Amino acid sequence: MDEDDRVPIFLNDKIYDGPTTSQQTVQQLANEICGSPMDEDAQMIVSILCDGQLIEPNQFDQVLASPIEQFGRLELHAVTIREQVAAALQQAITVLENGHSICENVADALSQGRHDDAMAEMKKLLELFRQAQQTTLLSCQLLGTQPSDLQSGSHNFEELLEKIRQNLTDLKAGMESQDFVLVADLLRYEFAEPLEHWTSFLEQLNQIATTQKVER
């Protein structure tokens, strides 16, 4: 594409001066900008403006398939994958730290005979573990590390998952037998240490993401 005919392209509010062609699609441009997912500086496009209009998520596929010459002006905003991972990990750490209070809330509700309140809080606890596991595994994949590499004291990630699975199995059995004293004790005394170890694992991944270094 001749310099005079070139569509103005902005990346993070700065003129993008990379090579472009008249038939290049927005997708091809985005791929060039983002690089390989395993690169240390790999990026992801988080928003696109075409001729000053913000493209909605349901329009992304159509716009990405369009040639860039179709537009009078393109504005793309990108962040590094590591920045996104670090933000997700920090949020997960904050959520996981609430696990201690959720366990106490369930135990208190059971001790006071407020079983409906206890079940509502129990659902929060189960969702917390689901989200934490999803964030951990996805972050490991994007950062190029293995869950088995994560260590907290003498504990690794697989051991942590097995401990929590066993605790949840014991909780289920206690609820089914209506042994609420046992359930309350499990929540107060058996989940604190696994939550601390899991927080440590997330902090390790956050360190990898923020230092731009993958330990292999």
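With the structure loaded, tell me whether Val46 is hydrophobic (A, V, I, L, M, F, W, C), within 25 Å of Gly144 (Cβ to Cβ) and without any contact (Cβ under 8 Å) to a residue 40 or more places away in the chain or whether it fails that test.
So Val46 passes the test.
Just to be sure, is Ser200 in contact with a strand residue (DSSP E or B) (Cβ under 6 Å, 6 or more places away or on another chain), closer than 14 Å to Ala92 by Cβ and outside the structural domain of Cys34 (by TED's automatic domain parsing)?
When the stated conditions are applied, Ser200 passes them.
Conditions (1) surrounded by fewer than 16 Cβ atoms within 10 Å (Cβ to Cβ); (2) outside the structural domain of Cys140 (by TED's automatic domain parsing); (3) modelled with pLDDT under 90, marked per residue:
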| residue | (1), (2), (3) |
| --- | --- |
| Thr25 | no, yes, no |
| Leu29 | no, yes, no |
| Gln43 | no, yes, yes |
| Ala65 | yes, yes, no |
| Glu69 | no, yes, no |
| Leu74 | no, yes, no |
| Ala87 | yes, no, no |
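I need the full set of residues from region 8-23 which are surrounded by 14 or more Cβ atoms within 10 Å (Cβ to Cβ) and farther than 19 Å from Ile55 by Cβ, in order please.
None; the set is empty.
Out of Asp61, Asp17, Asp39, I need the residue that is assigned to a helix (DSSP H, G or I) and not assigned by TED's automatic domain parsing to the domain that holds Phe129. Which one?
Exactly one of Asp61, Asp17, Asp39 is assigned to a helix (DSSP H, G or I) and not assigned by TED's automatic domain parsing to the domain that holds Phe129, namely Asp61.
The values are calculated or read from the model by the stated rules, or taken from the named source; none is laboratory data. From a predicted model like this one, the values you see are computed outputs, not experimental measurements. Reconstructed Cβ throughout: ideal geometry from the backbone, glycine too, with neighbour counts over all protein chains shown.
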